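Data block below; observations after.
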Amino acid sequence: MSVLELIPEISFKHPVNGMRALKSLSIMAASLQPSKTISTADFGNTIPSEEVLKIWRGADAVCFDVDSTVCLDEGIDELANFCGAGKAVAEWTTKAMSGSVPFEEALAARLSLFKPSLAQVEDFLEKRPPRISPGITELIKKLMAKNSDVYLISGGFRQMINPVALQLGIPLENIFANQLLFGSSGEFLGFDAKEPTSRSGGKATAVQQIRKVHDYKALVMIGDGATDLEVRKPGGVDLFICYAGVQLREKVAAKADWLVLNFEELLTSLS
């Protein structure tokens, strides 16, 4: 269940008022221990500063994380569950997103638990297509209408992300993600370790490459995990927005320039 499903009575038509109303609410983050409750009052970044809004409104490129941001699910967890190894893989995903283990270690460990074949991946995509987060379609359309370039930067797999990009109208060349490798009979071989997103710090490397090639003046990243927060390294983004509409990860949320619970707030703030 997402945060928005827990608080259906709140109106987000005005981002500042909406966030002030949320101050008194407590929300449970699925990535944290069930007994631990975090209040948005614990964070001082739920109302954007004028400088943050200026960067956001003037962004000439916006990069989105995919799992638990553009999509409601963690793709690798869903695939693992489909293949019968969901619980064990989900535990590793929590470690990876919290930053407690190197991402490449978590990625290799998760894949080794179920070793998906090409046939399983194709069957999974047919039977369980990605669930797009509410409001993301409208936000991306608005950004593109403002001539902002949109990128997807993910630790997930291109085989699962390409359909999402096509649905949202994002060019496939604007995807930075991992690649599952299969043999001639479709058997699982591993993943392409040359992809920058296959290791810790990889998203920051991807952002640096994007910036170097296009010389963007204002670059923004929106995501929920520790690997997304890493893009604030030198040469990275000018603004990091933590999206907590699916998962609220306390350490990431606390260090973000702006903490939001829904994409409607970001869409409204562009007007």
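The values are calculated or read from the model by the stated rules, or taken from the named source; none is laboratory data. Being a predicted model, the structure only gives us computed values, none of them experimental. For neighbour counting, all protein chains shown are included, and Cβ atoms are generated from backbone atoms with ideal geometry for every residue, glycine included.
One table, with the values for the structure above:
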{"item": "Number of the condition not met by SER185 [criteria: (1) surrounded by fewer than 21 Cβ atoms within 10 Å (Cβ to Cβ); (2) touching a helix residue (DSSP H, G or I) at 6+ places or on another chain (Cβ under 8 Å)]", "result": "(2)"}
{"item": "Residue in segment 231-254 that is touching a helix residue (DSSP H, G or I) at 6+ places or on another chain (Cβ under 6 Å), over 27 Å from LYS146 (Cα atoms) and not in a loop (DSSP other than H, G, I, E, B) present", "result": "yes"}
{"item": "All helices (runs of 4 or more DSSP H) inside segment 48-144 with 1 or more residues being small (Gly, Ala, Ser)", "result": "75-82, 86-98, 103-114, 118-127"}
{"item": "So VAL121, is it over 19 Å from PRO196 (Cα atoms) and modelled with pLDDT of 95 or more", "result": "yes"}
{"item": "Any pair with Cβ under 7 angstrom, 6 or more apart, that starts in segment 212-230 at a residue that is under 21 Å from SER133 (Cβ atoms) and ends at one that is polar (S, T, N, Q)", "result": "ILE222/THR69; GLY223/THR69; ASP224/SER68; ASP224/THR69; ASP224/GLN247; ALA226/SER98"}
{"item": "Scope segment 75-107; condition free of Cβ contacts under 8 Å to residues at least 24 places away in the same chain and either over 11 Å from THR227 (Cβ atoms) or of a type in the set (D, E, K, R) (or both); matching residues", "result": "ASP77, ASN81, GLY86, LYS87, ALA90, GLU91, TRP92, THR93, LYS95, SER100, VAL101, GLU105"}
{"item": "Residue among GLU74, GLU78, GLU122, GLU126 that alone is under 13 Å from the mean Cα position of the chain (by Cα) and either under 25 Å from ILE222 (Cα atoms) or surrounded by fewer than 17 Cβ atoms within 10 Å (Cβ to Cβ) (or both)", "result": "GLU74"}
{"item": "Residues located in segment 176-221, provided they are more than 30 Å from GLU51 (Cβ to Cβ), hydrophobic (A, V, I, L, M, F, W, C) and assigned to a strand (DSSP E or B)", "result": "ALA177, LEU180, LEU181, PHE182, PHE188, LEU189, PHE191"}
{"item": "Members of segment 103-162 that are in contact with a strand residue (DSSP E or B) (Cβ under 9 Å, 6 or more places away or on another chain) and on the phi > 0 side of the Ramachandran plot", "result": "LYS115"}
{"item": "Flag for SER198 being in contact (Cβ under 8 Å) with a residue 40 or more places away in the chain, touching a Leu at 6+ places or on another chain (Cβ under 8 Å) and hydroxyl-bearing (Ser, Thr, Tyr)", "result": "yes"}
